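All remarks here apply to the structure that follows.
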Number of protein chains: 2
Amino acid sequence: MTAPDHKLTRMERGAAMTHPIAIGIDLGGTQVRAGLVDASGAVVAHAATRTDATGGPQAVIEQIHQLVREVAAVVVLERIAGVGMAAPGPLDGDAGVTLGIPTLAGFSGVPLARLLEERLDLPVRLENDGIAAAFGEWRFGAGRGLRNFVYVTVSTGVGGGIVADGRLLRGRRGMAGHVGHMTIIRDGALCACGNRGCWEAHASGTAFAREGRRRAAMVVGSILAAHGAALDGQIVFEAARKGDPLARALVAEEAQLLGIGIVNLLHLYSPELVVLGGGVSNGFDLLHAGIVAQIHAAALAPFRDVPIVRAALGGNSGLVGAAALILEEPDANSSQ
Amino acid sequence: MTAPDHKLTRMERGAAMTHPIAIGIDLGGTQVRAGLVDASGAVVAHAATRTDATGGPQAVIEQIHQLVREVAAVVVLERIAGVGMAAPGPLDGDAGVTLGIPTLAGFSGVPLARLLEERLDLPVRLENDGIAAAFGEWRFGAGRGLRNFVYVTVSTGVGGGIVADGRLLRGRRGMAGHVGHMTIIRDGALCACGNRGCWEAHASGTAFAREGRRRAAMVVGSILAAHGAALDGQIVFEAARKGDPLARALVAEEAQLLGIGIVNLLHLYSPELVVLGGGVSNGFDLLHAGIVAQIHAAALAPFRDVPIVRAALGGNSGLVGAAALILEEPDANSSQ
């Protein structure tokens, strides 16, 4: 990666107020994506690259800088209010510091918001990706107009974000909503976090695919067996749609596991709605009935009527939400 | 129960503002208690009676009316700002309606706040007892000055209340914080709610005592065996303090079960502090090390430093909190 030939011009706050626009970044273990997001939540420019997972924070910061330059090219810089950055937790959203990103090397205790501000010469806010995605869905997606809802993303891991009593729930250091690491099965499967029985260890897309591979190797006649080690959740969903009995059983089990965790969240946060995002939500049509059945079986009666819907912004919830946070709550952890 | 000979005089709001005082009610399955609580959180008068568990709402309302008359007798009625009522959930704290109290007959869908207002001629606010207790501990107890903490009460059941981002977490219908009904052991013990594996089913005082009785009947030589069916949690704590090996094993298991649920709450709400109340907190000194050990074993690293302390208001957290809600947030579900 070569050094950039110029720094971005510092925005003029006055100009930015008239037609505010923000850049959202979604830093993931495999991809880092940037989007230029206007006040209506529309992504007017987009760029992405494969995350340099081993290069450390400085390499990732340079990647982000390049992406920001790309998406910022379509507008005058003065209009850009700042950069909202969604990253995997746990991170300190108050201080703008990553506390360790499991899939990326060297992110323990990195003041990422400050380092990015210095590199980009723009205000930067760092937020847990689950919280940012909840904000995106709240402002422009499935949670619009609600005072209480829970967003859950189920993909490699399980994350979440909560809107409660008309506000984003952040908690100490902005670390609320790590829903994937609640124990639902004492002494259950080993989680990437080291604990056993976490919701994530049993219901994530990773766990769903692993269980599919395990069962496919044991069951004679399933169309899943042919895929071997390449079997993933999307293949299971496709097979289930074609009526494959093993795939259907796997989907039913996944729905129940999702339902167990969602029932917990109903009791804990009392949302009006649960919004499901992430890769596993591609099978939402197949999973929905099983989730609802689990809620009816296990939730206290007054919680049973809460609807479960699919995220409306798809893979952009976090990116759009992070940008929206800059436009609506710019001063949370910016030092500028 | 005889009909009362007079109705309470309606307060004068102006007079009440100068030296505000409120009545807190804690309605439980065995006792209903009333306290006159001043703005400093002091209980200046107190009265209690055994709950008429089978008489239905009208009988309980008459009991409350008698208690209110007793505690109100020590001040001029004009000073009383209203009545804050803490009751077991689930209840609709927004509408002031009980949705069913497991230990009391006839409380499904009862507009208790309105019925009490009519009977007492005072504004009444109904709040889940866990939420009310959290508010009491926040204002006058162990959570004073914090922006984020979780209150957990462990007695007959397991309940809770949450302060997040400097506010009481209420959620839809004021039903947030039903922490006892999160599943921690899939297909675990049957809970009073009908579900299996709830935290309450495994870690409540009821479950602790039941497990003590079960194990005492199986183990030769424990001093617990002599108690038979009368064995309860307090006896186990006493025996553990005397060094009884079975009692110590039971306490260690209880601490781990409490720890599993508390770890979940750390990830879900990100508190600065966890406050433990209820009868089981009488063994706090014995349980603390085991809870902390579970947190260190199972929580993500950034959550491991959160302290666990005992409730400061003891059995009065809910009563004081309910009264404090009247003094500080009088208009939540009052129709007056």
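Odds and ends about this structure:
- The value obtained for segment B:217-305, namely the Cα convex hull volume divided by the number of residues, is 102 Å³ per residue.
- Cβ charges +1 (Lys, Arg) and -1 (Asp, Glu), total dipole of chain B, debye: 500
- Chain A, helix-only ellipticity at 222 nm - DSSP H runs n ≥ 4, -39,500 (n - 2.57), divided by all residues, nearest 500: -11500 deg cm²/dmol
- Spatial offset of segment B:110-163 relative to segment B:54-91 amounts to 15 Å, using the alpha carbon center of each.
- Which of A:Ala176, A:Ala225, A:Leu273, positive extreme of dipole for the protein assembly as shown (C-beta unit charges): A:Ala225
- Given charges at beta-carbon only (K, R positive; D, E negative), |dipole| of the protein assembly as shown in Debye: 880
- With the charge dipole of segment A:61-168 set up from +1 on Lys and Arg Cβ and -1 on Asp and Glu Cβ about the Cα centre, the Cα lying farthest toward the positive end among the listed residues A:Gly141, A:Ile131, A:Leu77 is that of A:Gly141.
- Environment charge at B:Gly171 (Cβ cut-off 12 Å; Lys +1, Arg +1, Asp -1, Glu -1): +2
- Counting charges near A:His267 (Lys, Arg +1; Asp, Glu -1) among other residues having Cβ under 12 Å from its Cβ returns a value of +1.
- Contact-buried residues of segment A:291-310, at a threshold of 30 Å² lost accessible area versus the chain by itself: A:Ala298, A:Leu300, A:Pro302, A:Phe303 (1.4 Å probe; DNA, RNA and ligands ignored).
- Ranking by accessible area, most exposed first, for A:Arg170, B:Arg69 with a 1.4 Å probe: B:Arg69, A:Arg170
- Ranked from shortest, the separations from the 7 Å Cα-to-Cβ label point of A:Gln31 to its equivalents in the other copies are 6.0 nm.
- Based on the reciprocal of the average 1/r between different C-alpha atoms, the Kirkwood radius for chain B equals 20.4 Å.
- Each other copy places its own label point for B:Val76 at 6.8 nm from this one, sorted shortest first, where the point lies 7 Å along the Cα-to-beta carbon line.
- For segment B:195-336, the dipole from Cβ point charges (+1 on Lys and Arg, -1 on Asp and Glu) about the Cα centre works out to 660 debye, to the nearest 20.
- Within a Gaussian network of chain A (alpha carbon springs, distance under 10 Å), most fluctuating of A:His181, A:His202, A:His19: A:His19
- Radius of gyration and maximum dimension Dmax of the protein assembly as shown, Cα, Å: 26.7, 89
- The residues neighbouring B:Ala239, those whose beta-carbon lies less than 12 Å from its own, together hold a net charge of +1 under the Lys/Arg +1, Asp/Glu -1 convention.
- The C-alpha atoms of chain B define a longest principal axis, and helix B:129-140 lies at about 80 degrees to it.
- Chain B and chain A together bury an accessible surface of about 3800 square angstrom, both sides counted, with a 1.4 Å probe and no ligands or nucleic acids included.
- Chain A versus the axis that turns it onto chain B: the residue with the nearest Cβ and the distance in whole Å amount to A:Leu268, 3.
- Between the helical axis of B:284-298 and the longest alpha-carbon principal axis of chain B there is an angle of about 70 degrees.
- Between 0 and 90°, nearest 10: helix A:56-72 axis offset from chain A longest Cα axis: 70
- Residue by residue along B:190-196, Cβ atoms of other protein chains within 10 Å of the local Cβ number 3 on average.
- Legend: Rg and Dmax of segment B:129-215, from Cα coordinates, 14.4, 44 Å.
- Percent of beta bridges antiparallel (DSSP, the protein assembly as shown, rounded to nearest 5): 60
- Between A:Ala42 and A:Thr54, the contour length at 0.36 nm per residue exceeds the alpha carbon distance by 1.1 nm.
- Across the copies of the chain, B:Lys242 has label points (7 Å from Cα along Cα→Cβ) spaced 7.0 nm apart, shortest distance listed first.
- When a 1.4 Å probe is rolled over the protein heavy atoms, the share of accessible surface on segment A:217-309 that falls to carbon and sulfur comes to 60 percent.
The values are calculated or read from the model by the stated rules, or taken from the named source; none is laboratory data. Note that this is a predicted model, so its numbers are computed, not measured. Using ideal geometry, Cβ is built from the backbone for each residue, glycine included, and neighbour counts are taken over all protein chains shown. Only protein heavy atoms, including side chains, enter the accessible area calculation; ligands, DNA and RNA are left aside. Shrake-Rupley method; radii C 1.70, N 1.55, O 1.52, S 1.80 Å.
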